[in-house]
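Take a look at the structure below.
Every number in this text was worked out from the coordinates using simple rules, so none of it is lab data. Please read all numbers here as calculations on a predicted model, not as lab measurements. Note that we place each Cβ from the backbone using ideal geometry, even for glycine, and neighbour counts take in every protein chain shown.
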Amino acid sequence: MNDKTMYNLSYGLFVLSARQDGKDNACIINTAGQVTTEPNQITIAVNKLNLTHDMIAATKKFTVSILSERADFSLFKRFGFQSGKSVEKFSMFDGKKRVANDTFAVTEGTNGYISAYATQQVDAGTHTIFLASVTDMDTFNDVPSATYAYYQSSIKPKPKPVGKTAEGKPVWRCRVCGYEYVGEELPENFICPICKHPASDFEKIV
Ligand SMILES: Cc1cc2nc3c(=O)[nH]c(=O)nc-3n(C[C@H](O)[C@H](O)[C@H](O)COP(=O)(O)O)c2cc1C
């Protein structure tokens, strides 16, 4: 089986935001999609380790801001490479707008937002899948949405190949965020400490 075929799926990229007890937070996801039009429903899949997960499980309310081809890598670093458990991701960040469900939509590097209310959740092991009814949405501009492939080819900085470290150990690099693990073999159950993607998303740098 070729694990890399998953990269051929043409999913988009989103900033998923929530608000609980006066705290705003958001993370990057690639797992938002429409499931029905009448009524209008979407799903998101969120890692249980993410603070955003717990906030949505508690409040049911969230907003998906749709990243466009103008999204800068700094947005991915701010929302996708650190947790709201240790930082205030929205502080010193102007590209946001409070929307009807009281969460923030991200207005920088995005082309619109969809707010929704979770009606059901499915335990998918590492992730929870939330099924949600759309409550509000708006379009900001007509810049094309960023696909995951566009992120890989044009937004994420190209890492320099390193091959082996000074001690001669191989390096494994996360294809999603660039985190590097040094060791002969990458443990099968390894989870990227930065973006939480699994061992199958790592490549050995030669
Ligand atoms: C390109 C990219 C795609 C990601 N996709 C998802 C996803 O679909 N679901 C998810 O739960 N986390 C995803 N993540 C990881 C979260 O954004 C990341 O773990 C974040 O730091 C969680 O923040 P929080 O703890 O404040 O919620 C992705 C990260 C990146 C960079």
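Based on the mean of other beta carbon atoms within 10 Å per residue, what is the order of 9-19, 71-81, most packed first? Intermediate results must be reported in sequence, preceding the final value.
Working: 9-19: 21.8, 71-81: 19.0.
Those peptides, ordered most packed to least, come out 9-19, 71-81.
Please go through the residue pairs Lys4/Lys169; Lys96/Lys196; Lys85/Lys169 and name each one whose alpha carbons sit more than 29 Å apart in this structure.
Details: Lys4/Lys169 24 Å; Lys96/Lys196 25 Å; Lys85/Lys169 33 Å.
Pairs exceeding 29 Å: Lys85/Lys169.
Pick from Arg98, Arg70, Arg173: which residue has the top mean-square fluctuation in a GNM of the chain where Cα pairs under 10 Å get a spring?
With Cα springs under 10 Å in the chain, the top fluctuation among Arg98, Arg70, Arg173 is at Arg98.
In a Gaussian network model over the chain where Cα atoms closer than 10 Å are linked, find which of Asp142, Asp54, Asp24 has the largest mean-square fluctuation.
The residue that fluctuates most here is Asp142.
Need the full-extension length gain, Lys156 to Glu88, defined as separation in residues times 0.36 nm minus the C-alpha distance. One decimal, nm. Write out the running numbers ahead of the final one.
Details: separation 68, 0.36 × 68 = 24.48 nm, distance 2.30 nm.
Fully extending the segment from Lys156 to Glu88 adds 22.2 nm.
Under 10 Å, Cα contacts only: if you run a Gaussian network model on the chain, which one of Ala132, Ala58, Ala26 comes out with the highest mean-square fluctuation?
Ala58
Under a cut-off of 19 Å between alpha-carbon atoms, report the aspartates and glutamates in cross-link reach of Lys60, not counting same-chain residues fewer than 8 places apart.
Asp21, Asp24, Asp102, Asp123, Asp136
Once phi is turned into θ = phi - 60°, what whole-Hz ³J(HN,Hα) does the Karplus curve with 6.51, -1.76 and 1.60 give for every residue of segment 69-75, x standing for Gly and Pro?
5, 8, 5, 8, 4, 4, 5
Looking only at Cα atoms, what is the convex hull volume of segment 9-152 per residue, in Å³? The partial results should precede the final answer.
Details: hull volume 15.8 nm³, N = 144.
Spelled out: Cα convex hull of segment 9-152, divided by residues, is 110 Å³.
Quick one: if the Förster radius is 25 Å, what FRET efficiency do Thr36 and Lys97 give, using the C-beta to C-beta distance and rounding to 0.05? Walk me through the numbers on the way to the answer.
On the way: r = 27 Å, r/R0 = 1.08.
The formula returns an efficiency of 0.40 here.
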